[in-house]
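Asks: If you scroll down you'll find the structure; I have some questions about it.
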Ligand code: ATR
């Protein structure tokens, strides 16, 4: 990697940060396509978030990603917000422009892109979203914008599912979303947005009690491990599956597009995917 005085810094802030794959996929891309950027991960404790913001402005980073636990707190620290990010109440990407911080949320777009790459459309489909946290919000809203038949939100805390369904209906101007107390037997696409199944709890599976239909497409946003217990069950049943590397890459490339203002080419996806395949 050639670093010179013109190289700009981008990165990730979160806590903890050691597990992140973002530096690997971003730097691999920058190196391969000759983008004069370097991506580093910064472990920022919540009490240091505001100092980090001041430092980022002073050092004139080009932009940065935001992960747990700062996705919501960072909303209050940026200078302006993309309208959807504002309504979602969480950001995962910040662009630094003329010393001002602009917040975006690329999780949902990234997820939709990962489906489209596999020729999966959510239009007119019955969708089940498991979870109602930050990731679920972005995914549910972006699915809602694509015109599904219905979105059922199944969450451990039912009322949180209700709040998310209301948000989707509000943002899409429709009544497609509703909370549900259990996963229905028949649905076209199921998406796990919770951390169930994530290492080290790899035996956890949010659909273990479900008699799954082979026609259902099963998606997980957990990417460590890539083949979660839920996806293994789905594969055994004969379902099409989408693993969490799709959303990881999709949101990363959407961030690159925001920072550089340039078109994100299809080949960039392949470069990041190859890097993850090596791990
Ligand atoms: P993120 O920003 O990663 O989505 P979050 O906002 O903390 O994280 O949301 C985590 C989601 O996973 C929530 O929907 C949570 O359910 P609750 O709303 O009931 O807290 C869900 N979740 C986390 N651990 C879970 C578990 N062990 N069983 C079921 N749901 C779980």
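The values are calculated or read from the model by the stated rules, or taken from the named source; none is laboratory data. Note that the coordinates shown come from a computational prediction; the quantities given were computed from them, not determined experimentally. Note that we place each Cβ from the backbone using ideal geometry, even for glycine, and neighbour counts take in every protein chain shown.
Asks: Quick check, is residue 25 in a helix (DSSP H, G or I) and within 30 Å of residue 225 (Cβ to Cβ)?
Replies: When the stated conditions are applied, residue 25 passes them.
Asks: Residue 208 passes all but one of (1) under 24 Å from residue 112 (Cβ atoms); (2) within 16 Å of the ligand (Cβ to nearest atom); (3) in a loop (DSSP other than H, G, I, E, B); which number fails?
Replies: (1)
Asks: Let me ask something else. crowded, with 21+ Cβ neighbours inside 10 Å and away from the ligand (no atom under 15 Å from the Cβ): is that true of residue 77 in this structure?
Replies: So residue 77 fails the test.
Asks: Here are 118, 125, 203, 113: which of them is free of Cβ contacts under 8 Å to residues at least 60 places away in the same chain and either away from the ligand (no atom under 13 Å from the Cβ) or farther than 25 Å from residue 66 by Cβ (or both)?
Replies: 203
Residues checked against (1) part of a helix (DSSP H, G or I); (2) surrounded by fewer than 16 Cβ atoms within 10 Å (Cβ to Cβ); (3) on the phi > 0 side of the Ramachandran plot:
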{"site": "31", "(1), (2), (3)": "yes, yes, no"}
{"site": "41", "(1), (2), (3)": "no, no, no"}
{"site": "47", "(1), (2), (3)": "yes, yes, no"}
{"site": "53", "(1), (2), (3)": "yes, no, no"}
{"site": "56", "(1), (2), (3)": "yes, no, no"}
{"site": "64", "(1), (2), (3)": "no, no, no"}
{"site": "68", "(1), (2), (3)": "no, yes, no"}
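Asks: Separate question: Pairs under 9 Å by beta carbon, first residue closer than 18 Å to residue 75 by Cβ in region 128-149, partner part of a strand (DSSP E or B) and within 8 Å of the ligand (Cβ to nearest atom), six or more apart or different chains?
Replies: Matching pairs, first to second residue: 136/130.
Asks: Please specify each residue of region 74-94 satisfying the condition of being outside any loop (DSSP other than H, G, I, E, B), touching a helix residue (DSSP H, G or I) at 6+ places or on another chain (Cβ under 8 Å) and modelled with pLDDT under 95.
Replies: 84, 85, 86, 87, 88
Asks: Quickly run through region 156-198 and pick out the residues that are more than 14 Å from the ligand (Cβ to nearest atom), under 19 Å from residue 230 (Cβ atoms), more than 20 Å from the chain's Cα centre (by Cα) and surrounded by 15 or more Cβ atoms within 10 Å (Cβ to Cβ).
Replies: Matches in region 156-198: 187, 188.
Asks: Specify the residue that is modelled with the lowest pLDDT; the eligible residues are those in region 128-155 that are within 10 Å of the ligand (Cβ to nearest atom) and under 16 Å from residue 87 (Cα atoms).
Replies: Selected residue: 134.
Asks: Now a separate question. Where the second residue is assigned to a helix (DSSP H, G or I) and more than 8 Å from the ligand (Cβ to nearest atom) and the first is outside the structural domain of residue 83 (by TED's automatic domain parsing) and lies in region 153-171, which pairs have Cβ atoms under 6 Å and are six or more apart or on separate chains?
Replies: 153/164; 153/165; 164/140; 168/140; 168/141; 168/144; 171/87; 171/141
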